[in-house]
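Reading through the structure tokens given below for one structure.
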Amino acid sequence: MALTLETESQIYRSLRAVFGAAAHLVSLGFTVFVAVVARPGSSLFSWHPFLMSLAFSLLMTEALLAFSPESSLLRPFSRKAKVRFHWALQLLALICAGLGLAFISYNKYINGKAHFATWHSLTGLLTVLYASLQCMGGLALLYPKLIKNWTLAKLKLYHATSGMIGYLLGCASLMLGMCSLWFTTSVTGVSWYLSMLSPVLTSLVIMSQVSNAYLYRKRIQP
């Protein structure tokens, strides 16, 4: 029975490693694909999809995968190094998202279009605001002594859980953006379906990672 459980555990770890590797490739491939389609620099608007995909598809995904036991690119490094890498990528993602929001807002302003009039724009705004608060909340993990009556383990649990929610918001915003007139005109057929599957795959990998690291472990504790 012990051998069976060990074998089953090994299978699960192998599957998580495979899907984690796929998440690395998909997040990079999707960002490159959007860059090719948008051609950043060709217009003011072109910077918006490029920066948002860079922020929420590549940088934020890699920031979270840094803590994956099976597929992290920083497995040989210490926990402290992973935390610094996570913070650097999250900060870069927030900067890119803020710039992407600024570009699209200014583009709408000079073209006389309404601001935040679609589900995509509202979800995108909510995601940027949420990511800002999440980064501020992460300071509690760097300086846990500033938060009294909260254990470090509990802070990590809440930060990871709220971070997963923020990541899912980012993926939802990307998927709504792929339903926009610009994207559906530029990308059609199989390419569009594959693009839609990209944030779905990465979100499933991230949810599995957080659940196994925090939520499932907390549930089985006596």
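The values are calculated or read from the model by the stated rules, or taken from the named source; none is laboratory data. Quick caveat, the model's predicted, so the values are computed rather than measured. Here the Cβ positions follow ideal geometry from the backbone for every residue, glycine too, while neighbour counts run over all protein chains shown. Areas reflect the complete protein model, heavy atoms only, side chains present, ligands, DNA and RNA absent. Shrake-Rupley method; radii C 1.70, N 1.55, O 1.52, S 1.80 Å.
When each pair of different Cα atoms in the stretch 135-175 is counted once in the 1/r mean, what is the Kirkwood radius in angstroms, to one decimal? Answer for the stretch 135-175: a Kirkwood hydrodynamic radius of 11.1 Å. Farthest towards the positive end of the charge dipole of the chain, among the residues L204, L28, G166, is the Cα of G166, using unit charges on the Cβ of Lys, Arg, Asp and Glu. Note on S43 and L126: with the Förster distance fixed at 22 Å, the Cβ-Cβ geometry gives a FRET efficiency of about 0.30. Along the axis of the charge dipole computed for the chain (Cβ charges of +1 for Lys and Arg, -1 for Asp and Glu, origin at the Cα centre), the listed residues T118, A81, I95 are led at the positive end by A81. Placing a pseudo-label 7 Å from each Cα along the Cα-to-Cβ vector at V32 and R13 gives an inter-label distance of 3.1 nm. Across all C-alpha atoms in the stretch 116-222, the radius of gyration and Dmax reach 17.3, 54 Å. Cross-link reach is defined here as a Cα-Cα straight distance under 26 Å, omitting same-chain residues fewer than 8 places apart; for K145 the lysines meeting it are K80, K82, K154, K156, K218. The largest-to-smallest principal axis extents of the Cα set in the stretch 23-85 are 42, 20, 13 Å.
Note on the stretch 101-177: Cα-only Rg and Dmax are 16.3, 51 Å. For the chain, a simple Cβ point-charge model (Lys and Arg +1, Asp and Glu -1, everything else neutral) yields a dipole of about 740 debye relative to the Cα centre.
Given a cut-off of 32 Å, what percent of all Cα-Cα pairs of the chain lie beyond it? Counting pairs separated by more than 32 Å, the tail of P(r) holds 24 percent. Starting from 0 in steps of 5 Å, tell me what percent of the Cα-Cα pairs of the stretch 72-139 lands in each bin. The calculated distribution, bin by bin, is 4, 15, 19, 18, 14, 11, 8, 5, 4, 2, 0. Think of the stretch 36-110 as a dipole: +1 on every Lys or Arg Cβ, -1 on every Asp or Glu Cβ, centred on the Cα centre; then among I104, S71, T61, S71 lies furthest on the positive end. Measuring nothing but protein heavy atoms, the accessible surface of the stretch 108-152 at 1.4 Å probe radius is 69 percent carbon and sulfur.
A Gaussian network model of the chain, with springs between Cα atoms under 10 Å, assigns the largest mean-square fluctuation among V200, V128, V18 to V18. Under the simplified labelling scheme, the S78-K154 pair shows an inter-label distance of 2.8 nm, with each label point 7 Å from Cα along Cα→Cβ. Altogether, the Stokes-Einstein calculation at 37 °C and 0.692 mPa s, with the Kirkwood radius of the stretch 2-129 over Cα pairs as Rh, returns a diffusion coefficient of 198 µm²/s.
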